[in-house]
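Here the structure is laid out as structure tokens; the discussion comes afterwards.
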Amino acid sequence: MSPLNETLTEFERNARAVLTQSVSRIDARTRSRLNQARQAALAAAGARRRSLSWRSLTLMPVTGAAAAAVLVVLLWHHEPAGIEMPMPEAQRSTVEDMDLLADNEALELIEGWDGPFYEWAAAQTEANAESDG
Amino acid sequence: MSEFATLASPYSMPAALHGDVDLTDPEAQTRSRALDQFLAGVELKAFKIAQAALRHEDDALDAVQDAMLQLARAYANRPAQEWKPLFYRILENRIRDMQRRRTVRGRVMAWFPFRGDEDEEEPDPISQAVSPDPQPVRRLELDEAVGALEKALGELPRRQQQAFLLRTLEGLDVAETAAAMGCSEGSVKTHYFRAVRALRAQLGDLYV
């Protein structure tokens, strides 16, 4: 029995007896419905337990495979910091050409090429040298 | 506690017969059987507590059923000694939810002048049958005492009613009652003391 009994007053003992009596007089229909509710709860607990154990068994390989896939992807794309990977010569020149083409100033120089002016300047330099000599 | 378990036993069945327990797992069987015994031991008192709070038989049954389901689904793997405070905590939350919903429904329905009585059912004579009774005179006295106590309990503030029923009917100690009510042990003592004082003031002639 409850430790409460040790300190119950007469009023409390009487009240408890009456409450106990009222519980014992709960009708059969209510008892039956409570029993059905209990069976449903037990079934739910059993279903949940089975579901959890099934998941733990079936999800273990799935989780392992997923983790392995992530690891492979990470290793595949991983580049160690601070180390430059060697680049083939042909690939390097192609990259430099691309840099030139992408450089606006270099393009302006190419477009502004004035061949006759440089030829004239060279001729003037040679003429001056002859007159000095 | 034990007398109620005995009362409920004719309605219980071995958990292993449910078809929901893994028969190859003895631990699951043991736990299911323990949960069955626990629920069988508390269901009648829980119904009385819910009925005192909700004053409606079907609502009380729904509240107890919900509490059983939630305990079984969420806490069946907890140690068995934790079940009782957990169960009554869940039941109390469910009762509070239903009371709130009922308040809202009452406010909404207050706008409708004509309300049908479709929820009212004819009393089922079988459902009115009660367990074997003592002598007629004694039965009348008990009827009167039960009726007076239930009426007085219904007039108590909810927390006082809860503290009184959990301690007196269910037999929880102060710590378990505090866990079930979600309050301090001091609050439980205060609620219980006030409940006893109010009930004694109202029922003193009948009980002393």
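Looking across the stretch B:63-83, the residues that are crowded, with 18+ Cβ neighbours inside 10 Å and in a helix (DSSP H, G or I) come down to B:Ala63, B:Val64, B:Gln65, B:Asp66, B:Ala67, B:Met68, B:Leu69, B:Gln70, B:Leu71, B:Ala72, B:Trp83.
Among the residues of the stretch B:12-30, at least one is closer than 20 Å to B:Glu170 by Cβ and either at pLDDT below 90 or not basic (Lys, Arg) (or both). With the structure loaded, tell me whether A:Ala44 is within 7 Å of another protein chain (Cβ to nearest Cβ), at pLDDT below 90 and buried (at least 17 other Cβ atoms within 10 Å of the Cβ) or whether it fails that test. For A:Ala44, the condition - within 7 Å of another protein chain (Cβ to nearest Cβ), at pLDDT below 90 and buried (at least 17 other Cβ atoms within 10 Å of the Cβ) - is met.
Tallying residues that are over 16 Å from B:Gln202 (Cβ atoms) and within 8 Å of another protein chain (Cβ to nearest Cβ) within the stretch A:11-24 yields 6. Inspect the stretch B:84-96 for any residue being under 26 Å from A:Ser32 (Cβ atoms), away from chain A (no Cβ under 13 Å) and surrounded by fewer than 17 Cβ atoms within 10 Å (Cβ to Cβ) and give the result as yes or no. Scanning the stretch B:84-96, I find at least one residue that is under 26 Å from A:Ser32 (Cβ atoms), away from chain A (no Cβ under 13 Å) and surrounded by fewer than 17 Cβ atoms within 10 Å (Cβ to Cβ), so the answer is yes.
The values are calculated or read from the model by the stated rules, or taken from the named source; none is laboratory data. As the structure is a computational prediction, the values presented were derived from the model and not from experiment. Please note: Cβ atoms are built from the backbone with ideal geometry, for glycine as well, and neighbour counts cover all protein chains shown.
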